[in-house]
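Written below as structure tokens is the structure these notes are about.
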Amino acid sequence: MNGIAVREGRLGIGGHHSARSGSVEWLTPPEILAALGPFDLDPCVPVVRPWDTAGAHYSIEQDGLSQPWKGRVWLNPPYGVGAWPWMARLADHGDGIAILFARTETRGFHRLVWERATALLFLEGRLNFHRVNGERAKRNAGGPSVLIAYGEENGIALAQSGLRGKIVWL
């Protein structure tokens with residue numbers, strides 16, 4: 001996929017694995033979603049979630065990576081190498097915003113973000129994601145996060161979101 005070797009692995013939302021907590025499901029803080037406006041689809045949600053992230057959702061049960069994507073997409077993919085098939089799909093779709101750790105030196109980031117995205121918002125500080133029960137994690141994510149826009153309207157949404165950080169237009 002776009003010259004990036006990836007291992008097969010389709011974790012559910014935010015396969016943000018934490019060795020400390022043993023969980024692979026971490027939800028985007030709801031204030032980020034609210035700041036970015038409504039989304040039509042989130043193809044990578046947990047089966048059980050405390051709030052909706054978009055008008056339509058696919059969980060691991062529907063395998064959102066293999067389903068049709070329509071409209072404006074919100075993507076909080078599994079982190080690590082599991083993110084790249086999802087990011088390739090979003091880059092090909094061309095209409096949406098993703099959240100990832102800001103690992104700007106990786107091959108995937110170079111090929112699917114630096115070369116294909118419209119704009120980036122490097123968030124100030126480290127986020128505290130939420131557990132699937134809605135509880136905010138006590139510890140921060142352990143790394144810096146970036147919002148990645150594909151499509152001009154999504155870049156504008158980042159710029160107008162009011163979220164603290166630094167925007168970079170590509």
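The values are calculated or read from the model by the stated rules, or taken from the named source; none is laboratory data. All figures in this text were calculated on a predicted structure; none of them were measured in a lab. Every residue, glycine among them, receives a Cβ derived from its backbone with ideal geometry; neighbour counts consider all protein chains shown. These accessible areas exclude ligands, DNA and RNA; they are computed on the full protein's heavy atoms, side chains included. Shrake-Rupley method; radii C 1.70, N 1.55, O 1.52, S 1.80 Å.
So the values come out like this:
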read-out: Cα→Cβ-extended label distance, 7 Å offset, between Glu124 and Lys138, nm; value: 2.8
read-out: Among 159-170, 67-78, the order from most to least packed when residues are scored by Cβ within 10 Å on average; value: 67-78, 159-170
read-out: Cα shape, region 46-170, gyration tensor, a/c 1.5 rule; value: rounded
read-out: Rounded if a/c under 1.5, otherwise prolate or oblate - region 36-109, Cα gyration tensor axes; value: prolate
read-out: Highest to lowest packing among 101-108, 119-126, 43-50, scored as the average C-beta count within 10 Å; value: 43-50, 119-126, 101-108
read-out: Spacing of the two label points (7 Å from each Cα toward its C-beta) at Leu65 and Val48, in nm; value: 2.5
read-out: Accessible area expressed per residue, region 31-151, with surrounding protein chains retained (probe 1.4 Å, Å²); value: 42
read-out: Added length on full extension, which subtracts the Cα-Cα distance from 0.36 nm per residue, Glu115 to Leu170; value: 19.0 nm
